[in-house]
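Derivation of every value follows stated rules applied to the coordinates shown; laboratory data play no part. Not measured: the values here are computed from a predicted model. Note that we place each Cβ from the backbone using ideal geometry, even for glycine, and neighbour counts take in every protein chain shown.
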Amino acid sequence: MANPTVNVYIDGFNLYYGKLKGQPYKWLNLQGLFEDLMPGYEVKRVKYFTARVKARTDDPQAPARQSAYLRALATLPKVTIHYGQYTVHNVRMKLSDPNAVPRTVEVIKTEEKGSDVNLAAHLMMDAFRDDADVYLVVSNDSDLTEPLRMTKTLLRKHIGIAKTYEKVSKSLMRCKPDFVRDIRVGALQANQFPDVISDGNGKITKPAGW
C-alpha cells in the first residue's frame, strides 16, 4: 500500500524569523527537511510563500542573498515558490514616553503583504480538490486560523502544524490539528544545501555568513 501523501504550505517570513534568523541554517533544503519531518508520508508538494525583499541602507545585500536562495529552492522538484509583495517606506510614529520631545520619530517600516492570503488560498483550493491526504501548515500566524478551521471542519481534511516558534498560537490550536511537528536544530543541520549547487543558469553559491 502506498504511503499517504502530504502537502506542505510554508509561510517563508514566519519560518525565517521563528527558526532561522541569527542561526547558521538559512541555506535550507525545504524538501529534504519536510521529508525528514514526515516519515511514513510521501511529500507531494512543498509550497513556499514569500516576497522579494528590497535593499536597505543597513543591509544592501539582502536581495542578492535571497535571490541565491530562491534559485536554490527552484532546483527542488517538489518545491514551488509563490510571491506576495514587500514594501519599505518611512513613517512617523509616536514615542512611548509621553514626555518625550519631540513626540514622534521617523522610522523605516517594512511590510510583507499577501503571503498569508496566498497560502490560505492554495491550502483551501488543494484541499477542495482533494490533492493530498494531509495538509501541513508551517506558520504561527493566527490570520490562518479560519482557513485551517474550514479545511478541517468543512472540507474534513487532516491538518497539521509545524512549529516555527516554541509555542503554537492558541488561535491555531483551536483548529484542533491532527498533529504538531517540531522543527528541531538537528533536522535543520541535516538538510542544508551544498555550498555550491547548479541550475540551468550556472552555479549558485551559498551566501557569506549563512
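Between the C-alpha center of region 141-158 and that of region 1-77 there is a gap of 22 Å. Rg and Dmax, both from the Cα atoms of region 125-210 and both in Å, are 17.0, 46. Above 21 angstrom, tally the Cα pairs of the chain and express them as a % of all pairs, no decimals. Here the tail beyond 21 Å accounts for 57 percent of pairs. Here the gap between Asp97 and Thr153, fully extended at 0.36 nm per residue and compared with their Cα-Cα distance, gives a gain of 15.5 nm.
From the cross-link list Lys47/Lys176; Lys19/Lys47; Lys26/Lys163; Lys47/Lys157; Lys21/Lys78; Lys44/Lys157, which pairs have alpha carbons spaced over 20 Å apart? In this structure, Lys47/Lys176; Lys21/Lys78 lie more than 20 Å apart at Cα. Angle of helix 62-73 to the longest C-alpha principal axis of the chain, folded into 0 to 90 degrees and rounded to 10: 10°.
Beta-bridge orientation, the chain: approximately 40 percent antiparallel, per DSSP, counting only bridges with both partners inside.
Dipole size of region 115-189 about its Cα centre, with +1 on Lys/Arg Cβ and -1 on Asp/Glu Cβ: approximately 340 debye, rounded to the nearest 20.
When you count the other C-beta atoms within 10 angstrom of each residue and take the mean per peptide, 202-209, 2-9 line up highest first as 2-9, 202-209.
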